[in-house]
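Just below is one structure, and these are the notes that go with it.
The values are calculated or read from the model by the stated rules, or taken from the named source; none is laboratory data. Note that the coordinates shown come from a computational prediction; the quantities given were computed from them, not determined experimentally. We place every Cβ from the backbone using ideal geometry, glycine too, and count neighbours over all the protein chains shown. For accessibility, only protein heavy atoms count, side chains too; no ligands or nucleic acids. Shrake-Rupley method; radii C 1.70, N 1.55, O 1.52, S 1.80 Å.
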Amino acid sequence: MNIRLAPSILAADFAALGSAIAAAERGGADLIHVDVMDGQFVPNITIGPPVVRSLHRVATVPLDVHLMIAEPDRYVEAFVNAGAGMLSVHVEVLPHLKRTLGVIKRLGVKAGAVLNPDTPVGALADVTREVDFVLVMTVNPGFGGQTFLASAESKIREARRLLDEAGNAAPVEVDGGIDLQTVRQVVSAGAEILVAGSAVFGAADPEAAARELKAVAVAHAAAIGGSAAPRRPVPGPR
Ligand code: DX5
Ligand code: ZN
């Protein structure tokens, strides 16, 4: 398994995102997770391409941009141009999921499909060969600081199995309520990209919190034998 930590800046001080990113990177962040919300698909509103462009100037690791917006097709190109290295879209709003993923890939970034807690893994059936990663939401999207939904564990396993059956070594990512208590559970289920907002930026020392969370995840993956199939190289910088 190739464990990667993706701290979510949603829980950081938005007036000091540059230093938040630097602290996360010193703590071993492999990616920076950026939550884009439009007030339609989810009740919250966050940021758009101009902020992503600024984050891209200061981040030394790839930006993992999670679009929680009603019409992602309209904005995919803008977020790629702003510097997204990975771009994920929710299957719930996409009638032509395969086409959207194809557009993202052709723009040269890693394309991810996201499942809400209530969306069955079967929604991925037609894109199991295309996806570069699958994001299984472990809370309902919209806000940081929510409690991990235990029901997500079986979905992580199911998503992993579906990808394996398709011969696709793409990683499963998890997002929501990931902390020192829940991280082993999701790694055991097959998650390799771990998003964490509050557990990193809600801590008194985000750098130390990131380092500890990643160390626990990496140690657990090693302890369970890292059984999963060999992985492709990680999504690189743009
Ligand atoms: C929720 C977002 C998450 C959020 C996770 O809609 O997609 O990325 O930042 O926050 P925590 O880790 O606090 O649950
Ligand atoms: Zn997210």
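Identify the single condition in (1) among the aliphatic types (A, V, I, L, M); (2) more than 16 Å from ligand 1 (Cβ to nearest atom); (3) farther than 29 Å from VAL218 by Cβ; (4) open to solvent by less than 40 Å² (accessible area, probe 1.4 Å) that ALA22 does not satisfy, given that it satisfies every other one.
Checking ALA22 against (1) among the aliphatic types (A, V, I, L, M); (2) more than 16 Å from ligand 1 (Cβ to nearest atom); (3) farther than 29 Å from VAL218 by Cβ; (4) open to solvent by less than 40 Å² (accessible area, probe 1.4 Å), the one that fails is (3).
For the structure I just gave you, tell me whether GLU92 is within 16 Å of ligand 2 (Cβ to nearest atom) and either open to solvent by less than 20 Å² (accessible area, probe 1.4 Å) or acidic (Asp, Glu) (or both).
Yes: the conditions hold for GLU92.
Go through the range 188-222 and count every residue that is within 16 Å of ligand 1 (Cβ to nearest atom) and basic (Lys, Arg).
Qualifying residue count for the region: 1.
What do you reckon, is SER188 among the small types (Gly, Ala, Ser), surrounded by fewer than 22 Cβ atoms within 10 Å (Cβ to Cβ) and within 16 Å of ligand 2 (Cβ to nearest atom)?
no
State whether the residues of the range 68-86 include one that is closer than 21 Å to GLY190 by Cα and within 15 Å of ligand 2 (Cβ to nearest atom).
Yes: one or more hits.
I'd like the full set of residues that are over 17 Å from LEU101 (Cβ atoms), open to solvent by 40 Å² or more (accessible area, probe 1.4 Å) and not basic (Lys, Arg), limited to the range 57-77.
Scanning the range 57-77 gives VAL58, THR60.
Exactly one of (1) open to solvent by 40 Å² or more (accessible area, probe 1.4 Å); (2) part of a strand (DSSP E or B) is unmet by SER54. Its number?
The one condition SER54 does not meet is (2).
Of all residues in the range 132-154, which are open to solvent by less than 60 Å² (accessible area, probe 1.4 Å), out of contact with any Ser or Thr (no Cβ under 6 Å at 6 or more places or on another chain), assigned to a loop (DSSP other than H, G, I, E, B) and in contact (Cβ under 8 Å) with a residue 40 or more places away in the chain?
Scanning the range 132-154 gives ASP132, THR138, PRO141, GLY142.
Would you mind finding the one in ARG129, ARG157 that is in a loop (DSSP other than H, G, I, E, B) and surrounded by fewer than 20 Cβ atoms within 10 Å (Cβ to Cβ)?
When all the criteria are applied, what remains is ARG129.
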